[in-house]
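K.L.:
Structure incoming, see below.
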Amino acid sequence: MLKNDLILRTLRGEQTERTPVWMMRQAGRYLPEYIVIRNKYGFFERCQTPELACEITIQPVDIVGVDAAILFSDILVVPQAMGLEVQLKENVGPLLPDPIKLASDMARVRVPDVDETLGYVFDAIKLIKQELNDRVPLIGFAGAPWTLLCYMVQGKGSKTFDEAKAFCYAQPEVAHQLLQMITDTTIAYLKGQIKAGADVLQLFDSWGGLLSPTDFENLSLRYIRQIVAAVKDEVPTIVFAKGAWHSLEAMAATGAAGLGIDWCIDPKMARKFAGNNVTLQGNFDPAKLLSPIPVIEAEVKSMLQAFGPGRHIANLGHGILPNVPVAHAQAFVNTVKEFRF
Ligand code: CP3
């Protein structure tokens, strides 16, 4: 039995004594303890070594006091397992030197055996569960198919992912074949995470907001729907499609227990779109953690008021920035934990 199951109860729609809190990308570069490990090992070495992944996953639980741990890994381990080379350049971001551009490139990708290719993630989850010792739930995750296609086709980060879009618009059949292969891999991968002990799953569709509502349905949501349907009866699932506020109603209809929202939509408006049967997660502007601490405290309280009691998990509207002082992250978390309606 979990000692702190606030997030699980909130995802089930139960009233809790207070609002639970965690931060997207909470295991990472703003923590000096993480930098120490980063200076010694390469990025994928950290992901592939269960002891390192375990230590990094638990750091924010100990240091910042969040109500959940999120597995230390990356969404790009899936394209890697599917056969593409993925590099992470320090301070630059992901690089896939041979991206998918043409139908003929599809011969280089496969739906892999996840135990063979991603077994190290399952081993990390088992170790983390043991080390957490039921203090807080463990969130497993994967990238949504559209966001993974963005990297697999564009080959690197981008503000617009125009080459990924061009691929989908010019070669729709190939695009859908790739999206379905990513979906099938992701379902097997997430089922493996559940089997290893993940208590909650989150799907990150970081680039969902780059698509029109119609294209979002066609290129993203129809695959998210398959994934949620495959796992939702085993563990609660949170869908975070950044910027895709126009589709909150359709995302709630997938059966996801939670929906992430960013800071560009008002919580009351998000609730109106999403309906009353889903938990909302968010939506503090990550850059606001660079404000003085009293400003953070006041802004967090007004965010909590705007969501109201129940069916809310306090979080940022996207990942924490690397230049946020640890004391500011702690102020964010502590303000939520001390607040009562
Ligand atoms: O949330 C956590 O603390 C768990 C670990 C986690 C990482 N990446 C570790 C990481 C999670 C959940 C992710 C998800 C991820 N990765 C997303 C979706 C969330 C989002 O922020 O939109 C995306 C788009 C990626 C792809 C990716 N990985 C990028 C664009 C980058 C470089 C830029 C950046 O944000 O750092 C990475 C590298 C990465 N993944 C780092 C970490 C801690 C930083 C590299 C390092 O510390 O060496």
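K.L.:
Could you check the simple spin-label distance between residue 177 and residue 337, using points 7 Å along Cα→Cβ, in nm with one decimal?
P.N.:
5.2
K.L.:
In debye to the nearest 20, how big a dipole does the range 161-278 give about its Cα centre with +1 on each Lys and Arg Cβ and -1 on each Asp and Glu Cβ?
P.N.:
Result for the range 161-278 is approximately 320 debye, rounded to the nearest 20.
K.L.:
While we're on this one: FRET efficiency for residue 321 and residue 159, Cβ-Cβ distance as r, R0 = 22 Å, nearest 0.05?
P.N.:
Once the sixth-power term is evaluated, E becomes 0.85.
K.L.:
Compute the Kirkwood hydrodynamic radius of the chain, taking the inverse of the mean of 1/r over all pairs of distinct Cα atoms, and give it in Å to one decimal.
P.N.:
Result for the chain, one decimal place: 20.1 Å.
K.L.:
If R₀ is 22 angstrom, what is the calculated FRET efficiency for the pair residue 287 and residue 89, using the beta carbon separation as r and rounding to 0.05?
P.N.:
Computed FRET efficiency for residue 287 and residue 89: 0.40.
K.L.:
For the range 6-338, which whole percent of the accessible surface, found with a 1.4 angstrom probe, sits on carbon and sulfur atoms?
P.N.:
Looking at the range 6-338 in its full context, I get 52 percent from C and S.
K.L.:
Given the -39500 (n - 2.57) contribution per DSSP H run of 4+ residues, what per-residue ellipticity at 222 nm results for the chain, rounded to the nearest 500 deg cm²/dmol?
P.N.:
-13500 deg cm²/dmol
K.L.:
Relative to the present Cα-Cα distance, how much length would full extension add between residue 110 and residue 298 at 0.36 nm per residue of separation?
P.N.:
Extra length available between residue 110 and residue 298 comes to 62.7 nm.
K.L.:
Between residue 12 and residue 305, what is the label-to-label distance in nm when each label sits 7 Å out along the Cα-to-Cβ direction?
P.N.:
The modelled label-to-label distance comes out at 3.2 nm.
K.L.:
Using a ≥ b ≥ c from the Cα gyration tensor of the range 130-200 (square roots of the eigenvalues), is it rounded, prolate or oblate, where a/c under 1.5 gives rounded and otherwise the larger of a/b and b/c decides, a/b for prolate?
P.N.:
It is prolate, given that a/c is not under 1.5 and a/b is the larger ratio.
K.L.:
Which whole-number value in Å² is the accessible area per residue of the chain, probe 1.4 Å?
P.N.:
Per residue, the chain has 40 Å² of solvent-accessible surface.
K.L.:
Shifting gears a bit: Between residue 229 and residue 126, what is the label-to-label distance in nm when each label sits 7 Å out along the Cα-to-Cβ direction?
P.N.:
3.2
K.L.:
Name the residues whose placed amide hydrogens come within less than 5 Å of the amide hydrogen of residue 260, ignoring near sequence neighbours (fewer than 5 apart) on the same chain.
P.N.:
239, 240, 241, 281
K.L.:
Next up: Which order do 189, 169 take by accessible area at a 1.4 Å probe, largest first?
P.N.:
Sorted by accessible area, descending: 169, 189.
K.L.:
Rounding to the nearest 20 debye, state how big the charge dipole of the range 65-120 is about its Cα centre with +1 on each Lys and Arg Cβ and -1 on each Asp and Glu Cβ.
P.N.:
Result for the range 65-120 is approximately 260 debye, rounded to the nearest 20.
K.L.:
Could you please state, rounded to a whole Å, how far the C-alpha centre of the range 233-251 is from the C-alpha centre of the range 52-94?
P.N.:
21
K.L.:
Just want to confirm a number: the relative contact order over the chain, from Cα pairs under 8 angstrom separated by 6+ residues, in percent.
P.N.:
Across the chain, relative contact order equals 22 percent.
K.L.:
Also, I was wondering about something else. Length gain on complete extension for the stretch residue 63 to residue 41, per 0.36 nm per residue less the alpha carbon to alpha carbon distance?
P.N.:
5.8 nm
K.L.:
Still on this structure, I have one more. What is the distance in Å between the Cα centroid of the range 35-51 and that of the range 127-182?
P.N.:
22
The values are calculated or read from the model by the stated rules, or taken from the named source; none is laboratory data. Just so we're clear, the structure is a prediction, and the values are computed from it rather than from any experiment. We place every Cβ from the backbone using ideal geometry, glycine too, and count neighbours over all the protein chains shown. Heavy atoms of the whole protein, side chains included, go into the accessibility calculation; ligands, DNA and RNA do not. Shrake-Rupley method; radii C 1.70, N 1.55, O 1.52, S 1.80 Å.
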